[in-house]
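J.: Here it is, the structure, as structure tokens.
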Amino acid sequence: MPRFEYAPAPESRSVVDIRSSYGLFIGGEFVESSGDASFKTISPATEEVLADITEATADDVDRAVRSARQAYRGVWGRMSGADRGKYLFRIARIMQERAREFAVLETLDNGKPIKESRDVDIPLAAAHFFYHAGWADKLEYAGLAPAGGRPPRPIGVVGQVIPWNFPLLMLSWKIAPALACGNTVVLKPAETTPLTALLFAEVCQQADLPPGVVNIVTGAGDTGRALVEHPGVDKIAFTGSTEVGKAIARTIAGTRVRATLELGGKAANIVFDDAPVDQAVEGIVNGIFFNQGHVCCAGSRLLVQEPVHDEVIRKLKRRLTTIRVGDPLDKNTDLGAINSAAQLDRIRELSGIAEAEGAVRWSPPCELPSRGFWFPPTVFTGVAQTHRIAQEEVFGPVLSVLTFRTPQEAVAKANNTPYGLSAGVWTDKGSRILWMADQLRAGVVWANTFNKFDPTSPFGGFKESGYGREGGRHGLEGYVTTGDDQ
Amino acid sequence: MSPTATRKAAAPAPRLDVRKTYKLYIGGAFPRSESGRSYVVSDTKGRFLANASQASRKDARDAVVAARAAFPGWAGATAYNRGQVLYRVAEVMEGRFDQFVDEVSAAEGLTAARARATVAAAIDRWVWYAGWTDKLAQVLGGLNPVAGPYFDISAPEPTGVVAALAPQSSSLLGLVSVVAPIVVSGNTCVVVTSGARPLPAVTLSEALATSDVPGGVINLLTGQAAEIAPWLASHRDVNAIDLTGAAGADGVVWGDLEVAAADNVKRVLRPGGNGATAVEPDWTITPDLRRVRAFLETKTVWHPKGR
């Protein structure tokens, strides 16, 4: 049968208008830094420089925190829940109106396929604001305060630090619940993906959100540290690496500053011999190659029951030959660019170690662009529990395959990691799904599906994957104070 | 020899009481400290009460092993079963009411009436928490109405092995108020008792041992928090730590323990108070779910719907 090639189907860039340089968003307007440091944000697909971004100094962070404090003490703190909610509804609507612009900008800055930014990141981000808008005047119904006690109250100024894998979506996971509960925020986007956060600042302006309620400071680790260490911050919300999460926990130890941490993962995706194999293969592909595997809850460890190992691997490899790697703006692209040179180095390093430790490496034939940061979809078979590729988070399009014989063995292997963010189970047997779900020490269990997210559904990890939940009624808990809490 | 002396000699001698050896409670057994150490426990007026075992780092590690081993069974027990077991603790304590009153009175320098009220409150606290076991999932969990054809449900689960510093001042009511909310949801625990007032905790362990609480679910170490707590705070197989008993504990800086706890992202329940100070709560206040929530994880399970 002839194989028909896809014609290029690039999404137009004309919808976005990227400025040559961006200031910091403090007190409702873009301002200049007290220092003169800046950095470039580039398109990881082409290494093209997109814009010059301000590197916020400790003084800038201080100014942002003061601005947030002023808004908290003033207009935002006095505002009714109903009006806070209406601002969030406005923001949700503007994000929907400008969804295409956000999607193209996200894809340019992050390298993820346009079909993902367009169909997942941006709609979910808007949905998070829409969902939390409704909570703003209903917090006493959320079951957070003790019976008969005072209704939940905001915590104050929240410092938020987010990663580069889902820039706008992580922003919305952080800002929407914080604002709904009556807090004000200072948010630092990741240094490689600041553009959609800066566009979000414009959304805040269009919504006439009172100045100081949302402040956005761009920068790298030093800026984030300045925010986390700032004495005027009442709560830290962080999504990122377990290493940085631990450092944050140490920084605020012995104080009354609170934290929610959403950290790394090494999810097992467990396929039993009675699973519908074709569906499971789709789930495996989605689990590890969605967003180039730059997903904390990625199904990076495939555990296959021995009788179906060969069949699953054969079908998986065949499926992977159809994966389209390339221009993220092309609407047919499945796998985009790796977000940064540093991340690409990390993926290469761990993959090299996996080979050295004896795992068998396989990638489908695919042509990678000559510019930018690229890594082919990669499968390691013959992986042992002790291999570093089975223990450490790769955060890339790299799947490790292990096998098991009994459900007990699958559970033991799945739980044999310091992480506990997510897990997947594929089987046709309902009772086994529920038993497995009970046994797995993970915050999210996807059964016969994978990588599903929703604003109503709490997300977050066990063990070293962090604490606190984002989304749903449970996500509000991290943004309110109740009862006799100080 | 005077007639009086003769009469005295003829009367039956007062019975020499059999004193208790106060030991640790680890994995359902009552060992002495492996270190061979004990320390003098006195009442509030400085009179000798007993020699208590002085738990060591290794005792703490043994206790963590016991707590970890007990975790799957306790977490996997039905909520109804856990509720009955915790209610049984109240039953057994009730039977030793006077013994607890004597010990709490001696430990805390309370009048008999205040000691009785304190013991009563401690027993009633078990009853309150016992009734929560099979309600937590309904109150704290629920169905999530996701925008798609999926069944999506969230429910609380125990976080695992919890280390706890029991209150220094309230030797029984405070202890129960810290331990019950940890184990009610299926966690197991290693508890460092009040340093200066450890004896009611040892008697509590005897009540636990005879009330169907599986061995290892609650492990009680008498000794000094300053010595033992750092090992628990940095222990990689402990999932969470309750620092309530840092208040008034000599040589304990709770911030340092929280730093150590970050090594494996432990959940930390900070002591009461403001800033760096630590204040022991008023244990007579009716509790809420705050302490229970501190040691829970929310697990969310998705499944597609389809014909």
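J.: Under the definition of partner shielding as Cβ atoms of other protein chains within 10 Å of a residue Cβ, what is the mean value for peptide A:276-286?
T.: Per residue, the average neighbour count from other chains is 0.
J.: In addition: When a/c reaches 1.5 or more, the comparison of a/b and b/c decides; with that in mind, is segment A:52-136 rounded, prolate or oblate per its Cα gyration tensor?
T.: Here segment A:52-136 falls in the oblate category.
J.: Here's another thing I want to ask about it. In nm, give the distance between the simple-model label positions of residue B:91 and residue A:310, each being 7 Å from the Cα along the Cα-to-Cβ direction.
T.: 5.9 nm
J.: I would also like to ask the following. What do you get for chymotrypsin sites (Phe, Trp or Tyr not before Pro) in segment A:4-45 restricted to DSSP loop and a cutoff of at most 13 other Cβ within 10 Å of the site's Cβ?
T.: Passing sites in segment A:4-45 are A:4, A:6.
J.: Over what distance in Å are the Cα centres of segment A:189-262 and segment A:429-473 separated?
T.: Their Cα centres are 25 Å away from one another.
J.: By how many degrees, between 0 and 90 and to the nearest 10, does the Cα long axis of helix A:81-97 differ from the longest principal axis of chain A?
T.: 50 degrees
J.: Name the residues whose placed amide hydrogens come within less than 5 Å of the amide hydrogen of residue B:297, ignoring near sequence neighbours (fewer than 5 apart) on the same chain.
T.: Answer set, sorted by chain and number: B:157, B:159.
J.: Arranged by the count of other C-beta atoms within 10 angstrom, fewest first, what order do B:159, B:44 take?
T.: B:44, B:159
J.: May I ask you to derive the relative contact order of segment A:268-454, considering only C-alpha pairs under 8 Å and at least 6 residues apart, and to give it as an integer percent?
T.: Worked out over segment A:268-454, it gives 30 percent.
J.: Let me ask something else about it. Test of understanding: ordering A:300, A:422 by Cβ neighbours within 10 Å, fewest first, what list do you get?
T.: Listing A:300, A:422 from fewest to most nearby Cβ atoms yields A:300, A:422.
J.: In the neighborhood of residue A:86, defined by Cβ-to-Cβ distances under 12 Å, what is the net charge if each Lys or Arg adds +1 and each Asp or Glu adds -1?
T.: Spelling it out: positives minus negatives among the neighbours equals 0.
J.: Take every Cα pair under 8 Å in chain A that's 6+ residues apart, average their separations, divide by the length, and report that relative contact order as a whole percent.
T.: Answer for chain A is 18 percent.
J.: If you don't mind, there's one more thing I want to ask. Please list 3J(HN,Hα) in residue order for segment A:330-347, calculated via the Karplus relation 6.51 cos²θ - 1.76 cosθ + 1.60 where θ = phi - 60°; whole Hz, with x for glycine and proline.
T.: Residue by residue, segment A:330-347 yields 6, 5, 9, 6, 9, 10, x, 8, 5, 5, 7, 4, 5, 5, 4, 4, 4, 5 Hz.
J.: Let me ask something additional. So what's the angle, to the nearest 10 degrees on a 0 to 90 scale, between helix A:277-289 and the longest Cα principal axis of chain A?
T.: So the inclination is approximately 50 degrees.
J.: What is the local net charge at residue B:33, summed over the other residues whose Cβ is closer than 12 Å to its Cβ (Lys, Arg +1; Asp, Glu -1)?
T.: After counting each charged neighbour, the total is +1.
J.: Going by Cα centres, segment A:108-136 and segment A:346-383 are how many Å apart?
T.: 30 Å
J.: Helix A:99-110 sits at what angle to the longest principal axis of chain A, using alpha carbons and giving 0 to 90 degrees rounded to 10?
T.: For helix A:99-110, the angle is close to 70 degrees.
J.: Rounded to the nearest 5, what is the percent of antiparallel bridges among the DSSP beta bridges in segment A:268-454?
T.: 10 percent
J.: Once fully extended, how much extra length lies between residue A:318 and residue A:19, figured as 0.36 nm per residue of separation less the alpha-carbon to alpha-carbon distance?
T.: Between residue A:318 and residue A:19, full extension yields an extra 103.3 nm.
J.: Note down the magnitude of the dipole of chain A about its Cα centre, charges +1 on Lys and Arg C-beta and -1 on Asp and Glu C-beta and zero elsewhere, to the nearest 20 debye.
T.: So the magnitude is around 980 debye.
J.: Also: For segment B:84-100 and segment A:287-326, what is the separation of their Cα centres, given in Å?
T.: First find each Cα centre; the distance between them is then 55 Å.
J.: I need the calculated FRET efficiency for the pair residue A:353 and residue A:409, taking r as the beta carbon distance and R₀ as 30 Å, to the nearest 0.05.
T.: E(calc), rounded to 0.05, equals 0.75.
J.: Here is a further query. How many percent of DSSP beta bridges within the protein assembly as shown run antiparallel, rounded to 5?
T.: Here the antiparallel bridges make up roughly 40 percent for the protein assembly as shown.
J.: How high is the FRET efficiency from residue A:431 to residue A:7, r the C-beta distance, R0 56 Å, rounded to 0.05?
T.: Efficiency at R0 = 56 Å is approximately 0.70.
J.: If you don't mind, there's one more thing I want to ask. Applying a 10 Å radius around every beta-carbon, put B:50-57, B:179-186 in order of their mean neighbour count, most first.
T.: Answer by packing, highest mean first, reads B:179-186, B:50-57.
J.: Placing unit charges on C-beta atoms (Lys and Arg positive, Asp and Glu negative, everything else neutral), compute the dipole magnitude of segment B:187-307 about its Cα centre in debye, rounded to 20.
T.: Approximately 780 debye in magnitude.
J.: Right, another one. If packing is taken as the average count of other Cβ atoms within 10 Å, what order do B:20-30, A:278-288 fall into, highest mean first?
T.: Peptide ranking by packing, descending: A:278-288, B:20-30.
J.: Dipole magnitude of segment A:31-157 about its Cα centre, charges +1 at Lys/Arg Cβ and -1 at Asp/Glu Cβ only, in debye to the nearest 20?
T.: 1000 debye
J.: Quick one: which residues, 5 or more positions from residue A:404 or on another chain, have an amide H under 5 Å from its amide H? H modelled 1.01 Å from N in the peptide plane, none for Pro or chain starts.
T.: Under 5 Å from the amide H of residue A:404 lie the amide H atoms of A:304, A:305, A:306, each far enough along the sequence or on another chain.
J.: Which of the trypsin sites (Lys or Arg not before Pro) across segment A:133-230 are loop residues per DSSP, with 14 or fewer other Cβ within 10 Å?
T.: Those that pass, being in a loop and sparsely packed, are A:138.
J.: How many Cβ atoms of partner chains, on average, are near each residue of A:437-450 if near means within 10 Å of its Cβ?
T.: Partner Cβ neighbours, averaged per residue: 5.
J.: With a bin width of 20 angstrom, please list the P(r) values of the protein assembly as shown as percents of all Cα-Cα pairs, from the 0 bin to the one holding the largest distance.
T.: For the protein assembly as shown, the binned pair fractions read 16, 45, 30, 7, 2, 0, 0 percent.
J.: Looking at segment A:255-362, which trypsin sites (Lys or Arg not before Pro) are in a loop (DSSP not H, G, I, E or B) and have at most 16 other Cβ atoms within 10 Å?
T.: Filter output for segment A:255-362: A:256, A:324, A:331.
J.: Take chain B, connect every pair of alpha-carbon atoms lying under 10 Å apart with a spring to form a Gaussian network, then pick out the residue of B:291, B:19, B:197 with the largest mean-square fluctuation.
T.: In this elastic network of chain B, the residue with the biggest mean-square fluctuation among B:291, B:19, B:197 is B:19.
J.: Residue B:144: net charge of surrounding residues, Cβ under 14 Å, Lys/Arg +1, Asp/Glu -1, itself excluded?
T.: +2
Computed from the coordinates by the stated procedures, all read-outs in this text should not be read as laboratory data. Everything numeric in this text was worked out from a predicted model, so none of it was measured. Neighbour counts are summed over all protein chains in view; Cβ atoms, including those assigned to glycine, are modelled from backbone coordinates with ideal geometry.
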